[in-house]
Amino acid sequence: MGLFDRFKSALTKTKDVLRTDVRDLLKAGVILDEEKLEEFHRGLIHTDMGVTAAGAIVDELREKFGGRTVEPDKVWAVVKDKLKEILRGEGDCRWDLDDPLSPLKLADSGPTAILVCGVNGVGKTTSIAKLANFLQRAGKTVVLAAGDTFRAAAVEQLTMWSERLGCEIVTKPSGADPAAVAFEGCDRAAETGADIVIIDTAGRLQTHQNLMQELGKIHRVIGKRLPGAPQESLLVLDATTGQNGLSQASKFSEAAQCTGIVLAKLDGTAKGGVVVAIRQQMGIPVKYVGLGEQIGDLALFSPDDFVDALFADV
Amino acid sequence: MFESITQSLTDAIGTMTRGRLTESNIRDGMRKVRQALLEADVNYDVAKSFTDRVTEQAVGDQVLKSLKPEQQIVGIVYQELVNLMGPAESGIDLRRGEMTVLMMCGLQGSGKTTTCGKLARMLREQGAKPMLVAADLQRPAAIEQLKVIGEQIDVPVYSEPPSESTPVKVCTNGRKEANKQGCDVLILDTAGRLHVDDELMGELTRIDNKLMPHQALLVCDAMTGQDAVNSAKSFNEALELDGVILTKLDGDTRGGAALSVKAVTGVPIKFIGVGEQLDRLEPFYADRMAQRILGHGDVATLLETAQRVLDQEEMAAQQEKMLAGKFTLDDFLKAMSQIKKLGSMGGLLKMLPGGGQMAQAMEAMDGADPDRDLGRVEAMIRSMTLDERQNPDRIDRSRRNRIARGSGTDPAEVHDLLKQFDGMAGMMQQMAGLSKKDQLRQVQAMQKEMVNPGASIHRKKERSKRGPTDKNVIKDRRKQERKRAKDARKKNRRRR
């Protein structure tokens with residue numbers, strides 16, 4: 001199954017919502033009145049993209065087509081362009097399908113550190129395993145640092161993955177300082193000459209200030225061992241998350257200077273539309289998407305494919 | 001939780017009630033309410049029908065011509081919120097003389113395993129003998145996680161190696177084992193699954209058919225967006241859910257999922273998870289939640305928690321000491337640790353009427369973190385010798401400097417603490433001599449003081465009982481005395 005198809009199948013549900021509600025009302029020769037726009041608004045809200053982003057799109061439609069008889073193709077082009085424009089941003093992130101590592105900023109010399117954080121239960125550990133697998137297939141050597149010393153059995157979970165992947169892992173007993181684990185992980189990577197070290201952190205709600213400070217400390221400590229690191233600080237976001245995703249993105253960025261998002265669990269009916277709002281308001285790009293529970297179910301994010309798959313057969 | 005939705009609702013209702021209330025500004029306001037609900041992830045259709053219902057009731061003549069229309073509107077919103085989320089039947093009915101089987105299900109990462117532990121702990125506190133069954137054979141180390149939790153709360157956990165078993169087998173064997181050990185509640189921790197994964201949903205139905213759980217509970221992440229309703233619907237179709245447990249409500253989620261799930265599926269919300277620790281599970285009450293959403297606080301839950309976690313004897317002993325005027329810094333420390341058991345100060349404030357705004361105001365002011373302040377106070381008291389704690393008067397400048405160094409604070413802070421404590425102790429002594437009614441009045445006055453920022457409790461200087469203490473009165477009296485003396489002198493002179 002090609003990447004494009006995967007996107008398509010993962011996003012069928014999203015597309016369905018938009019198609020059934022909107023295509024019908026935007027048929028050729030239909031007058032686009034307030035009632036129709038309202039229904040369109042409803043469809044957009046259902047993707048979780050947020051009141052602001054949805055409102056902006058509806059406003060643009062109202063301005064361009066309001067009260068006129070519309071042709072669906074034209075309207076779709078406007079919506080697609082608008083969404084792509086928002087997601088692509090101002091060229092600060094590349095998604096080159098031929099080079100799976102293109103969205104990542106790698107260190108010029110020495111190991112690259114990737115810090116992974118997020119709230120509880122979004123799939124951080126699984127995403128790390130997938131990412132490690134992804135990087136290994138691209139010919140990189142990977143070291144994992146099991147920084148989740150809080151949750152019961154989290155270290156075991158990552159250790160199991162490392163055994164399956166055959167990569168090195170640095171662990172400390174439960175309750176140890178996660179920053180120490182991160183430091184040792186960087187240390188090990190530098191010693192063994194590994195290309196990339198991925199640091200796991202415990203899930204934390206963005207409102208718990210002491211935990212966010214702990215995250216800030218981890219970030220600082222990594223920079224102490226490897227100057228300029230972490231090159232990437234990835235926030236794992238659950239695609240089912242609603243508008244709270246915005247708060248997550250802003251608070252985690254404050255503590256760990258997030259450089260990108262891994263959008264996990266996109267294989268459900270959830271739309272993950274909140275990334276549109278995040279990109280719009282905070283400029284943090286989506287770098288990878290998780291499309292299933294298997295280790296290979298991680299794909300490069302691509303705004304064009306994302307949006308095209310969303311409206312593929314309209 | 002719910003701060004932002006509370007804020008936006010208050011704003012929206014505020015705009016409605018400012019100036020004359022007309023049909024058009026009610027409609028305007030309700031549009032804002034709808035916007036607020038959508039921003040809080042309330043399902044689109046639920047938000048729409050909610051505002052439609054409120055508008056319909058609010059624009060009637062009865063409301064507009066009533067004495068206080070704005071209060072009527074708040075009342076309607078409150079009632080509709082309660083209708084939306086309730087009626088909630090919280091708590092779990094345990095069968096007598098028979099094993100109660102509870103099945104937990106939900107999406108990945110919603111917090112099932114942790115919630116299993118919390119539920120087991122709660123049931124055990126209520127006198128049941130629960131057993132946990134690790135039926136999650138999917139996620140690596142899920143079984144270990146449940147085992148660790150079981151150890152923490154001292155509840156047996158039944159598990160089988162994932163390679164040689166199936167979820168159905170683990171559950172049936174778990175029931176046999178529970179019978180053998182004499183447990184009366186069986187909690188099944190199933191694997192997280194997507195509601196569109198037909199294969200795994202089928203497995204869930206098979207467990208359901210085989211074990212006939214008395215209650216099937218859906219664990220739902222409160223941060224979920226519009227999709228919450230879809231997954232709840234699918235799980236409900238597959239299992240006929242008996243209840244929903246909302247988790248992660250301790251974040252800054254606006255909890256719209258809470259408002260939608262009940263409305264769309266009709267499945268009541270039973271519990272809410274409000275923290276990672278295993279005792280952070282609360283029963284859900286629609287009316288209390290509605291009060292919290294409207295910023296009216298939730299004193300009922302606060303009192304219940306207080307009764308549960310506070311050491312009653314300790315409290316009684318302290319009260320006695322307070323009334324006897326023998327309250328020392330040591331007691332103050334004990335009282336503080338009791339209060340800490342109730343949760344963070346910010347959380348406590350939000351449970352009080354109007355406290356939410358106060359907490360927000362404090363957050364807005366930089367550095368006014370009540371929890372941190374409490375920590376500093378604790379450090380200062382712990383840096384005092386036992387003797388100093390009993391007799392704070394003994395603390396002179398040198399001791400004060402030592403305490404400040406020991407606790408990492410400023411001598412001025414130690415001074416402030418002592419002054420505050422002095423004021424408090426004095427007031428308590430005063431109160432000890434008052435009647436119950438006057439005591440109440442004093443407490444109210446104290447509360448008023450506390451709202452006033454920058455205020456501290458001052459002990460009034462003690463004056464002699466002979467005369468009024470007011471400065472002007474004293475001045476007047478002295479003046480009169482001087483005059484009288486002068487007149488007397490004059491009189492005496494004339495006589496000569």
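Summary table below
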quantity	calculated
Condition check for A:ASP238: of a type in the set (Asp, Glu) and over 13 Å from the mean Cα position of the chain (by Cα)	no
Within the range B:237-276, tally of residues that are closer than 22 Å to B:LEU81 by Cβ, part of a helix (DSSP H, G or I) and more than 9 Å from every other protein chain (Cβ to nearest Cβ)	8
Residue, surrounded by the fewest Cβ atoms within 10 Å (Cβ to Cβ), within the range A:192-208, restricted to residues that are assigned to a loop (DSSP other than H, G, I, E, B) and away from every other protein chain (no Cβ under 14 Å)	A:GLY193
Leading residue by the ranking (modelled with the lowest pLDDT) among those in the range B:369-416 that are within 34 Å of the chain's Cα centre (by Cα) and outside any helix (DSSP H, G or I)	B:ASP369
Residue in the range B:151-164 that is nearest to B:LEU204 (Cα to Cα), counting only those that are away from chain A (no Cβ under 14 Å) and exposed (fewer than 15 other Cβ atoms within 10 Å of the Cβ)	B:GLU164
Yes/no for A:LEU144 being touching a Leu at 6+ places or on another chain (Cβ under 8 Å), crowded, with 18+ Cβ neighbours inside 10 Å and closer than 20 Å to B:ALA134 by Cβ	no
Residues of the range B:125-150 satisfying the condition of being within 34 Å of the chain's Cα centre (by Cα), in contact (Cβ under 8 Å) with a residue 24 or more places away in the chain and within 14 Å of chain A (Cβ to nearest Cβ)	B:LEU132, B:ALA134, B:ASP136, B:ARG139, B:ALA142, B:GLN145, B:LEU146, B:ILE149, B:GLY150
Condition broken by A:ILE169, with the remaining ones in (1) farther than 18 Å from B:ALA142 by Cα; (2) within 14 Å of chain B (Cβ to nearest Cβ); (3) crowded, with 24+ Cβ neighbours inside 10 Å; (4) hydrophobic (A, V, I, L, M, F, W, C) satisfied	(3)
The listed residue being β-branched (Val, Ile, Thr), surrounded by fewer than 22 Cβ atoms within 10 Å (Cβ to Cβ) and touching a helix residue (DSSP H, G or I) at 6+ places or on another chain (Cβ under 8 Å), out of A:ILE128, A:ILE86	A:ILE86
Test: residue in the range B:210-228 that is assigned to a helix (DSSP H, G or I), surrounded by 24 or more Cβ atoms within 10 Å (Cβ to Cβ) and under 34 Å from the mean Cα position of the chain (by Cα)	yes
Complete set of residues in the range A:63-89 that are in contact (Cβ under 8 Å) with a residue 24 or more places away in the chain and assigned to a helix (DSSP H, G or I)	A:PHE65, A:PRO72, A:VAL75, A:TRP76, A:VAL79, A:LYS80, A:LYS82, A:LEU83, A:LYS84, A:ILE86, A:LEU87, A:ARG88
Among the residues listed as B:GLY251, B:GLY192, the single one being under 30 Å from B:SER8 (Cβ atoms), buried (at least 20 other Cβ atoms within 10 Å of the Cβ) and in contact (Cβ under 8 Å) with a residue 12 or more places away in the chain	B:GLY251
Single match in A:ARG220, A:ARG164, A:ARG137, A:ARG188 (criterion: within 13 Å of chain B (Cβ to nearest Cβ), surrounded by fewer than 24 Cβ atoms within 10 Å (Cβ to Cβ) and of a type in the set (D, E, K, R))	A:ARG164
For B:ARG206: the one exception among (1) outside any strand (DSSP E or B); (2) closer than 21 Å to A:GLY273 by Cα	(2)
Selected residue [surrounded by fewer than 20 Cβ atoms within 10 Å (Cβ to Cβ) and modelled with pLDDT under 90] from A:GLN231, A:GLN294, A:GLN213, A:GLN243	A:GLN294
Set A:LYS251, A:LYS287: member being outside any loop (DSSP other than H, G, I, E, B) and touching a Pro at 6+ places or on another chain (Cβ under 6 Å)	A:LYS287
Qualifying positions in the range B:19-43 - modelled with pLDDT of 80 or more and either outside any helix (DSSP H, G or I) or assigned by TED's automatic domain parsing to the domain that holds B:VAL229 (or both)	B:ALA40, B:ASP41, B:VAL42, B:ASN43
Index of the failed condition, A:ALA54 passing every other in (1) within 26 Å of B:ALA36 (Cβ to Cβ); (2) modelled with pLDDT under 80	(2)
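The values are calculated or read from the model by the stated rules, or taken from the named source; none is laboratory data. Nothing here was measured: the structure is a model prediction, and the numbers come from that model. Using ideal geometry, Cβ is built from the backbone for each residue, glycine included, and neighbour counts are taken over all protein chains shown.
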